[in-house]
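Just so you know, all these numbers are worked out from the coordinates, no wet-lab data involved. All figures in this text were calculated on a predicted structure; none of them were measured in a lab. FYI the Cβ positions are ideal-geometry reconstructions off the backbone, even for glycines, and counts take in every protein chain you see.
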Amino acid sequence: DVKVTQSSRYLVKRTGEKVFLECVQDMDHENMFWYRQDPGLGLRLIYFSYDVKMKEKGDIPEGYSVSREKKERFSLILESASTNQTSMYLCASRRRGAEYYGYTFGSGTRLTVV
Amino acid sequence: SQQGEEDPQALSIQEGENATMNCSYKTSINNLQWYRQNSGRGLVHLILIRSNEREKHSGRLRVTLDTSKKSSSLLITASRAADTASYFCATEVSGGSNYKLTFGKGTLLTVNP
């Protein structure tokens with residue numbers, strides 16, 4: 001089975017800190033995604049990447065950046081954390097060309113910014 | 001931007017009953033997917049139906065798709081307490097060689113023992 005691993009389940013950071021959320025997948029998938037999930041708003045796409053060093057903005061990229069230096073790893077960066085970035089962050093991946101297969105999600109990182 | 005909208009927002013049933021959740025969307029799609037999320041965890045892919053399919057089954061799950069009405073339904077038969085979770089529909093559209101998956105806000109299903 002494909003595994004998507006997010007490095008932290010829970011994270012508490014201070015306002016203004018630079019925060020890195022890490023995601024690693026073990027099945028050589030080209031496509032990787034970062035979503036955030038908030039009550040009443042569902043999941044919203046922040047950024048995605050369809051290959052190493054490639055990235056595309058999703059629906060809510062403001063305040064975030066990403067890094068994809070290796071195929072298996074996709075990092076989400078909060079340049080200067082703010083309280084409105086307190087949320088559940090979910091990483092997902094899928095093989096390119098597998099458009100009739102579902103995404104594989106990690107277990108999520110619940111980030112609290114204080 | 002939200003593409004799919006689930007209905008109802010919450011559903012409570014007894015074990016053994018069937019649960020039906022609906023999803024409506026706005027634009028043409030490549031496929032529609034249903035996911036389950038147990039409290040505080042990641043999402044698990046349940047089933048995918050392509051835009052040229054009308055019905056699909058997987059175990060106790062049955063999904064229908066009506067592209068003329070831009071709607072889908074997920075039926076869980078003979079529900080169990082372990083089915084208690086949030087269920088999300090997600091629509092996928094193509095953008096060149098890339099695909100974008102957009103989620104609804106989910107239906108919270110509670111199955112009472």
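So the values come out like this:
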quantity: Residue list for the stretch B:61-104, filter: buried (at least 19 other Cβ atoms within 10 Å of the Cβ), facing chain A (nearest Cβ under 10 Å) and not in a strand (DSSP E or B); calculated: B:Gly104
quantity: Extreme residue, nearest to the other protein chains (Cβ to nearest Cβ), among residues of the stretch A:33-55 that are aliphatic (A, V, I, L, M) and part of a strand (DSSP E or B); calculated: A:Leu43
quantity: Meets criteria (touching a residue at least 24 places away in the same chain (Cβ under 8 Å), away from every other protein chain (no Cβ under 14 Å), touching a Cys at 6+ places or on another chain (Cβ under 8 Å) and more than 25 Å from B:Glu6 (Cα to Cα)) for A:Arg14; calculated: no
quantity: The lone exception for B:Glu15 - which of (1) over 24 Å from A:Met32 (Cα atoms); (2) among the acidic types (Asp, Glu); (3) within 9 Å of another protein chain (Cβ to nearest Cβ) it fails; calculated: (3)
quantity: Wholly within the stretch A:56-114, strands (runs of 3 or more DSSP E) carrying at least 3 residues that are touching a strand residue (DSSP E or B) at 6+ places or on another chain (Cβ under 8 Å) and either among the hydrophobic types (A, V, I, L, M, F, W, C) or under 14 Å from A:Lys13 (Cβ atoms) (or both); calculated: A:73-78, A:87-94, A:109-113
quantity: Single residue of A:Ser67, A:Ser75, A:Ser49, A:Ser87 found to be out of contact with any Leu (no Cβ under 8 Å at 6 or more places or on another chain) and either in contact (Cβ under 8 Å) with a residue 24 or more places away in the chain or under 30 Å from B:Ala10 (Cα atoms) (or both); calculated: A:Ser49
